[in-house]
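Every read-out reported here was derived from the displayed coordinates using simple, explicitly stated rules and does not represent laboratory data. What you see is a predicted model, and the numbers here were worked out from it, not measured in a lab. Ideal geometry is used to build each Cβ from the backbone, glycine not excepted, and the neighbour counts take in all protein chains shown.
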Amino acid sequence: MYYVYVLQSLKNNRFYTGSSGDLEQRILDHNSGRNKYSRLTKPFKLIYKETYMTRAEAVKREMFLKSGKGRELLKSLIK
């Protein structure tokens with residue numbers, strides 16, 4: 001299984017969208033500072049996730065959610 005996830009920074013309330021085959025480990029990586037793109041805005045909480053059978057599907061969805069239309073969709077799903 002592969003996951004697309006959205007984390008929210010507890011420091012500045014911004015969102016981080018990503019994909020992973022091991023969601024629990026990935027969240028631990030973000031919160032421990034092992035991810036250079038989110039190191040300065042940790043800690044994070046998981047606010048949204050989707051499950052996919054293949055990595056390709058998850059990456060495709062991640063790219064969509066990072067687009068303008070995808071961010072708008074996330075706003076409606078998260079609220």
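Numbers for the structure displayed
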{"read-out": "Residues of type lysines that Lys11 reaches as a straight line, Cα spacing below 23 Å, ignoring anything fewer than 8 places off in the same chain", "value": "Lys36, Lys42, Lys45, Lys49, Lys66, Lys75, Lys79"}
{"read-out": "Between region 51-79 and region 17-39, the Cα center-to-center distance that results, in Å", "value": "17 Å"}
{"read-out": "Extreme residue, positive dipole direction of the chain, given options Leu65, Ser9, Leu23 (C-beta unit charges)", "value": "Ser9"}
{"read-out": "Spacing of the two label points (7 Å from each Cα toward its C-beta) at Lys45 and Lys66, in nm", "value": "2.6 nm"}
{"read-out": "Whether the chain is rounded, prolate or oblate, judged on the alpha carbon gyration tensor where a/c under 1.5 counts as rounded", "value": "oblate"}
{"read-out": "Residue-averaged [θ]222 nm for the chain, counting only DSSP H segments that reach four residues, each worth -39500 (n - 2.57)", "value": "-12000 deg cm²/dmol"}
{"read-out": "Debye, to nearest 20: dipole size of the chain, +1 on Lys, Arg Cβ, -1 on Asp, Glu Cβ", "value": "380 debye"}
{"read-out": "Chain lengthening between Met53 and Leu77 when straightened (0.36 nm per residue, less Cα-Cα)", "value": "6.5 nm"}
